[in-house]
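Following: one structure in structure tokens, then a few remarks.
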Amino acid sequence: MRSRHRAAAIRAALTAVEHDANTRGWDALPALLGLFDVTTHRHQPRIDIDALSVDPAFWWLHAQTVPGMRLPYWVGLKTLTAHLTAAEGAPLLAQWAHTGQRRLLGMAFLGEGLDTSDAGRRAAAAHGPPLDDDGVPVRALTACDIDGRHYQILRYRGVGTTRTLVLDDPPARVRATVIPACLRRLLTAARA
């Protein structure tokens, strides 16, 4: 599959994942996802998404770290990444990545949180009720692929549309943020 076609197929697959998450509703636990090429015919690219099995209790641990305060899910992703790229977790990651007749093309993280940026507040305010000081509930699906692309789909709670971003050559400030850095590290380790 050529890179341009791969990007379009990945974007379509991620859009379907976010749509499915929106159909199920809010307050879901996060998911670590693999983007796999399962193309059987070169003119019909096909990307399958497979969730890495993570004990749901793992995601609840971050809520207990500081009583009364809920830490963002990326804290858990960072811990999970450290485990899966260390000697004890690497075999689990490799087994998942190399199961079946598929080729790992990317990693994605689907999670919910609060957007405290002014841009997030403006986007949500244009489509919904007044906002409080804690931030705007947002679902983010962030991914990276083997071509170095960065993908992000955002949906603010109560808003019927998503904001999609695909960067062919993401700047260092994007690559250095926690979620993209974790995804690239996981992708590199899983493909080894």
Problem - Filter pass, Arg185 being surrounded by fewer than 19 Cβ atoms within 10 Å (Cβ to Cβ) and either at pLDDT 95 or above or among the polar types (S, T, N, Q) (or both) - result: yes
Problem - Of all residues in the range 1-16 being among the aliphatic types (A, V, I, L, M) and open to solvent by 50 Å² or more (accessible area, probe 1.4 Å), the one that is modelled with the lowest pLDDT - result: Met1
Exercise for the section: Look at Tyr151 and say whether it is open to solvent by less than 20 Å² (accessible area, probe 1.4 Å) and either modelled with pLDDT under 95 or among the polar types (S, T, N, Q) (or both). Expected result: no
Handout entry: Top-ranked residue of the range 17-29 - restricted to ones that are touching a residue at least 24 places away in the same chain (Cβ under 8 Å) and part of a helix (DSSP H, G or I), ranked as most open to solvent (accessible area, probe 1.4 Å)
Key = Asn22
Handout entry: All helices (runs of 4 or more DSSP H) inside the range 45-133 with 1 or more residues being modelled with pLDDT of 70 or more, closer than 27 Å to Tyr156 by Cβ and not aromatic (Phe, Trp, Tyr)
Key = 56-65, 73-84
Completion exercise
Across (1) surrounded by fewer than 20 Cβ atoms within 10 Å (Cβ to Cβ); (2) in contact with a strand residue (DSSP E or B) (Cβ under 6 Å, 6 or more places away or on another chain), Gln101 clears everything bar (2)
Fill in the blank from the handout: The correct count of residues that are surrounded by 15 or more Cβ atoms within 10 Å (Cβ to Cβ) and either within 18 Å of Gly111 (Cα to Cα) or β-branched (Val, Ile, Thr) (or both) in the range 30-53 is 11
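So in the range 157-192, with the set limited to residues that are of a type in the set (Val, Ile, Thr) and more than 15 Å from the chain's Cα centre (by Cα), which one is farthest from Ala140 (Cα to Cα)?
Of the range 157-192, the ones of a type in the set (Val, Ile, Thr) are 159, 161-162, 164, 166, 174, 177-179, 188.
Cutting the leftovers down to more than 15 Å from the chain's Cα centre (by Cα) gives us 159, 161, 188.
Values: Val159: 13, Thr161: 13, Thr188: 22 Å.
If we take residues in the range 157-192 being of a type in the set (Val, Ile, Thr) and more than 15 Å from the chain's Cα centre (by Cα), then Thr188 is farthest from Ala140 (Cα to Cα).
The values are calculated or read from the model by the stated rules, or taken from the named source; none is laboratory data. Just so it is clear, the model here is predicted, and its values are computed rather than measured. Glycine gets a Cβ as well: all are built from the backbone with ideal geometry, and neighbour counts include every protein chain shown. All accessible areas refer to the heavy atoms of the entire protein, side chains included, with ligands and DNA or RNA removed. Shrake-Rupley method; radii C 1.70, N 1.55, O 1.52, S 1.80 Å.
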